[in-house]
Amino acid sequence: MRVVVAEDAVLLREGIQRLLADDGVETVAAVDNGDDLVTAVGEHRPDLAIVDVRMPPTFTDEGLRASLEARRLVPGLPVLVLSQYVEETYAVELLSGGAGGVGYLLKERVADVAEFLDAVRRVAAGGTAIDPEVISQLMARRRRDPLQELTPRESEVLGLMAQGLTNSAIATRLVVSHGAVEKHIGNIFAKLGLDVSDTEHRRVRAVLTYLGR
């Protein structure tokens, strides 16, 4: 089996490689960021990519986004995600991506080496390895409608965003300051779980959430 490992923490990256080598698995590339992951996958066409969710430069969800891009480059690429947290935004897209094995394990729960290696082989073979806590958290978040957590004013601001109004136009329409609008939008992003650094991208996703009610 040939594997690409993407993990920014040097000790963990080397530790994973050592575990894989001891089990007869070849690491064809070990990288520390999402861009290099995509490049390595395109170059080596591995049997599996093992990816950390949070990597440079923003340490938010680069790993998940890079995994999705790598899968577009190599359709059906098996991906095993390792994370300290459940990142819902792109996790659902990855887990529901169709062909190809997929796994999502929380780092704190990968204490059993045999269990980890079993997950590696299962995902590489086209199966799944999803941490029970990941499933539990995603189901709980799906049951909760985040739009219900918005205040009436925040809902009004989001509605105006959906109409295509700029922050300045929203401030004029509501007769409030530009700063007040920015604060409302920041609260909207937080309540909808949109923690990506790109403000414009978050704005589009917030509007899509609103329109998808």
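Values in this text are rule-based calculations from the coordinates and carry no lab data. Predicted, not measured: the structure shown is a model, and the values here were computed from it. All Cβ positions, even for glycine, are placed from backbone atoms using ideal geometry, and neighbour counts span all protein chains on display.
Would you mind calculating the relative contact order of segment 146-211 from Cα pairs under 8 angstrom and at least 6 residues apart, reporting the percent as a whole number? Before the final figure, lay out each step's value.
Values: 52 pairs, mean separation 26.8, N = 66.
Answer for segment 146-211 is 41 percent.
Based on DSSP H runs of at least 4 residues, each adding -39500 (n - 2.57), what is the mean residue ellipticity at 222 nm of the chain after dividing by all its residues, to the nearest 500 deg cm²/dmol? Walk me through the numbers before you get to the answer.
Numbers: 10 runs with 114 residues, N = 213.
Calculated at 222 nm, the ellipticity per residue is -16500 deg cm²/dmol.
Please state, rounded to one decimal and in Å, the Kirkwood hydrodynamic radius that the chain gives when every pair of distinct Cα atoms enters the mean of 1/r. Numbers along the way, then the final one.
Working: mean 1/r = 0.0537 Å⁻¹.
Final number for the Kirkwood radius of the chain is 18.6 Å.
Given an 8 Å cut-off on Cα distances and at least 6 residues of separation, report the relative contact order of the chain as a percent. Mind dumping the intermediate values first?
On the way: 325 pairs, mean separation 29.5, N = 213.
Taking the mean separation of contacting Cα pairs over the length of the chain, I get 14 percent.
Residue by residue, segment 156-168 carries 3J(HN,Hα) couplings of 5, 4, 5, x, 6, 4, 5, 7, x, 6, 6, 4, 5 Hz when phi is fed to the Karplus relation 6.51 cos²θ - 1.76 cosθ + 1.60 (θ = phi - 60°); x denotes Gly or Pro. When each of Y104, Y210 is scored by the number of other beta-carbon atoms lying within 10 Å, the sequence from fewest to most is Y210, Y104. Less than 5 angstrom separates the built amide H of A129 from those of V102, G103, Y104, all sequence-distant by 5 or more or on a different chain.
If you place +1 on the Cβ of every Lys and Arg and -1 on the Cβ of every Asp and Glu, how big does the dipole about the Cα centre of the chain come out, in debye to the nearest 20?
Numbers: 24 positive and 32 negative charges, 202 e Å.
It comes to approximately 980 debye.
Show log10 I(q)/I(0) for segment 146-211 at q = 0.12, 0.23 Å⁻¹, two decimals, from a solvent-free Debye sum over equal Cα scatterers. Log10 of I(q)/I(0), two decimals: -0.24, -0.95.
Suppose we look only past 16 Å in the calculated P(r) of segment 1-80. What percent of the Cα-Cα pairs does that tail hold? Each step should come with its number before you reach the end.
Values: 1323 of 3160 pairs.
The share of Cα pairs beyond 16 Å in segment 1-80 comes to 42 percent.
When peptides 112-118, 7-13 are sorted by average Cβ neighbour count within 10 Å, with the highest value leading, the order is 7-13, 112-118.
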